[in-house]
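The values are calculated or read from the model by the stated rules, or taken from the named source; none is laboratory data. Predicted model only: the values in this text are computed from it and were never measured. Neighbour counts are summed over all protein chains in view; Cβ atoms, including those assigned to glycine, are modelled from backbone coordinates with ideal geometry.
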Amino acid sequence: MLKEKLIITKKAAYAAFFFNLFEMKTKLSYDELKMKMQYYCSYQERCHSEVLRKIKTYSPNYEESNSIISDLIKDDYLNETRFAKTFSRGKFNFKNWGKNRIKLELKKRNISEKNIELGLKEIDDKDYEKKFEDLFEFISSKHKNLEKLNRKKKVFDYLQYRGWENDKIFKKINEL
């Protein structure tokens, strides 16, 4: 009994040690952290909140993190307008999101209204309508074996979850 308890205690101690090792990052100097954030931002477009969250994992003080972010902005590693534009294009083209969902996700990332509007302008209206039609046809044909009411619900839920406008969805559903 005592031996089993000792083994369990040892396992718990090892687990706690490795968990803390994984969670806590080593303390980096200002220049090392700045270089790490430059690499982090050059790998993919980032918004300020993502970079700030990453900096906080290394637990520097408030002034240091603001200084790093201002340096990244000055060196053009960090640009929220560019982020909003690429985010909007990417989510529309690859995830088939509508404007409502894109706008909501940009707001979650604390992007300004002006930058959100600039990002949404990146989506061409003709492409937007064509994508909506294609998605509607795809999901409608996927559920064609269901009865009419269930089919309409499935189509509506699919398109609404992806952020397409309700009036546009209802107008198209009524044509079924």
Give the number of residues within the stretch 135-163 that are assigned to a helix (DSSP H, G or I), under 24 Å from N93 (Cα atoms) and of a type in the set (K, R).
2
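Have a look at I111, I73 and point out the one that is β-branched (V, I, T) and in a helix (DSSP H, G or I).
Numbers: I111 fails: in a helix (DSSP H, G or I).
One residue alone meets the criteria, I73.
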In the stretch 164-176, the residues that are of a type in the set (D, E), more than 23 Å from the chain's Cα centre (by Cα) and either part of a helix (DSSP H, G or I) or surrounded by 10 or more Cβ atoms within 10 Å (Cβ to Cβ) (or both)
D167
Subset of the stretch 68-118 [touching a Phe, Trp or Tyr at 6+ places or on another chain (Cβ under 7 Å) and in the same structural domain as L52 (by TED's automatic domain parsing)]:
none
Scan the stretch 81-96 and report the pairs whose first residue is within 15 Å of G163 (Cα to Cα) and whose second residue is among the aliphatic types (A, V, I, L, M) and part of a helix (DSSP H, G or I), with Cβ atoms within less than 7 Å and a gap of 6+ or a chain change.
F87/L106; S88/I102; S88/L120; K91/I102; F92/I102; N96/L135
